[in-house]
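Down below is the structure, laid out as structure tokens.
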Amino acid sequence: MVELTQGQQLRVERADGTPLREVRLGLGWDKERNAGFIGSGAPDVDLDATAVQFAGDQLFDLAFYNNLATRDGSVVHLGDNKTGAGEGDDEQLTLDLSKVYHRVDTIVLMVSSYQGHSLEWVANAYCRLLDGLDDDATEVARYTLTAGPPETGVVMAKLTRDGAGWTLHTIGRGIAAKVPTDAIDLLRAFV
């Protein structure tokens, strides 16, 4: 497993150079101890993972808590976790990179706070890439966000197509977005 830092890139392939076809992206986080109703009187911290597909700078489709799969069937959101409680991934997306519509060249991965919390209330946020879709999938890479940004959303990473393969780029930049559909114009800056 490779531990990535902000701004790094990793080819989405096996050690022998074979491109990975079916991958799972896991996103996890913990809320800070004083976050949520008991600590601050505000609603509980509800973060949402989203994958947004672009063809050039044009939106193609997105998968998130309110639209669980893209039209081409290549990206599937596995369900909404409204608290971040528990160990391991809080939300997951599966990607069949062989099914991604041929004009889609970028898939942006973001996390946003549905209740509008600044991500300074979040600790231990990470994005990880796994080879395979089942429970025994192998973790290939992980990117850990070292500090929550003062905005309500963060662009964790993006996948870009280059020929027959894909490359993962870590980003870790904050954006002012509570719901994915309101973030499309902001995400174009990362395409």
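The values are calculated or read from the model by the stated rules, or taken from the named source; none is laboratory data. Remember, it's a predicted structure, so these values are computed and weren't measured experimentally. In this analysis, Cβ positions are derived from the backbone assuming ideal geometry, glycine residues included, and neighbour counts consider all displayed protein chains. Accessible surface is based on the protein model in full, side chains and every heavy atom, while ligands, DNA and RNA are left aside. Shrake-Rupley method; radii C 1.70, N 1.55, O 1.52, S 1.80 Å.
The figures follow:
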| item | result |
| --- | --- |
| Accessible area expressed per residue, the chain, with surrounding protein chains retained (probe 1.4 Å, Å²) | 46 Å² |
| Rounded percent of accessible protein surface that carbon and sulfur make up, the chain, 1.4 Å probe | 47 percent |
| D_trans [Stokes-Einstein, Kirkwood Rh over alpha-carbon pairs] for the range 110-191, 20 °C, 1.002 mPa s, µm² s⁻¹ | 155 µm²/s |
| Per-residue ³J(HN,Hα) for the range 92-108, Karplus 6.51 cos²θ - 1.76 cosθ + 1.60, θ = phi - 60°, Hz, x for Gly and Pro | 9, 10, 9, 10, 9, 5, 6, 9, 4, 3, 4, 7, 6, 10, 9, 10, 8 |
| Bins of 5 Å from zero: percent of alpha-carbon pairs in the range 146-191 | 5, 20, 27, 22, 15, 7, 4, 0 |
| Two-site label geometry, ARG14 and ASP185: point separation in nm, points 7 Å out along Cα→Cβ | 4.6 nm |
| Gap separating the Cα centres of the range 91-118 and the range 125-191, nearest whole Å | 7 Å |
| Mean Cα-pair separation over length for the range 118-191, i.e. relative contact order, pairs under 8 Å, 6 or more apart, % | 26 percent |
| Within-10-Å neighbourhood charge of VAL111 [Cβ basis; K, R +1; D, E -1] | -3 |
| Using a Förster distance of 22 Å, the FRET efficiency for ARG173-GLU3 (Cβ separation, nearest 0.05) | 0.70 |
| Cα convex hull of the chain - mean projected area over all directions, nm² | 9.9 nm² |
